[in-house]
1. Quick check on my filter: what residues within segment 32-55 are under 11 Å from the mean Cα position of the chain (by Cα) and free of Cβ contacts under 8 Å to residues at least 12 places away in the same chain?
2. Looking only at segment 63-72, decide whether some residue is closer than 14 Å to Phe97 by Cβ, away from ligand 2 (no atom under 16 Å from the Cβ) and either modelled with pLDDT of 95 or more or part of a strand (DSSP E or B) (or both).
3. Could you check how many residues of segment 84-103 are surrounded by 15 or more Cβ atoms within 10 Å (Cβ to Cβ) and out of contact with any Ser or Thr (no Cβ under 6 Å at 6 or more places or on another chain)?
4. How many of the residues making up segment 82-104 are hydrophobic (A, V, I, L, M, F, W, C), away from ligand 2 (no atom under 13 Å from the Cβ) and outside any strand (DSSP E or B)?
Amino acid sequence: MDCIFCKIANGEIPAATLYEDEEFRVIMDMGPAAKGHSLILPKEHYANIYELPEEKAAKAFLLAKKMAGAMTEALDTDGFNIVQNNGSAAGQTVFHFHMHLIPRYEKDGAGFGWNPGNLSDADRDEVLSKVKRVLQ
Ligand code: 5GP
Ligand code: ZN
């Protein structure tokens, strides 16, 4: 399998590395939304959150918390986004699980978000009943 993030995470292709341990590498994104935008990559290949084992997901979020604290202190950020995309419809372009760590600064103009709609009664009832049925 030819996966760019497998190669970067395992050191076959060099990348600006903020942190590394046995299971993860944290690299600087080559197309940053704001100064310091970085990515948490697991060293093993999982395409998305659905493939990611629970234990790895827990460790990834603990690492996100550690990195958010360190980067906020080091870069004197005003805010911080953690973003994780699954599937092309959700904006995923590299199909190796990753978490975006995005330092935010007042007036940085990064401005990603969504246009809020309205929660209709029909959507509320449908979503509640369908998701709760699957969770049971
Ligand atoms: P996605 O859209 O899949 O959530 O995010 C993919 C991210 O990976 C993008 O922000 C993009 O800039 C970054 N990216 C893609 N290829 C490379 C690469 O080869 N090196 C680095 N450092 N970042 C990459
Ligand atoms: Zn991979």
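1. Those that are under 11 Å from the mean Cα position of the chain (by Cα) and free of Cβ contacts under 8 Å to residues at least 12 places away in the same chain: none in segment 32-55.
2. Yes - at least one qualifying residue is present in segment 63-72.
3. 11
4. 2
The values are calculated or read from the model by the stated rules, or taken from the named source; none is laboratory data. As the structure is a prediction and not an experimental result, all values here were calculated from the model. In this analysis, Cβ positions are derived from the backbone assuming ideal geometry, glycine residues included, and neighbour counts consider all displayed protein chains.
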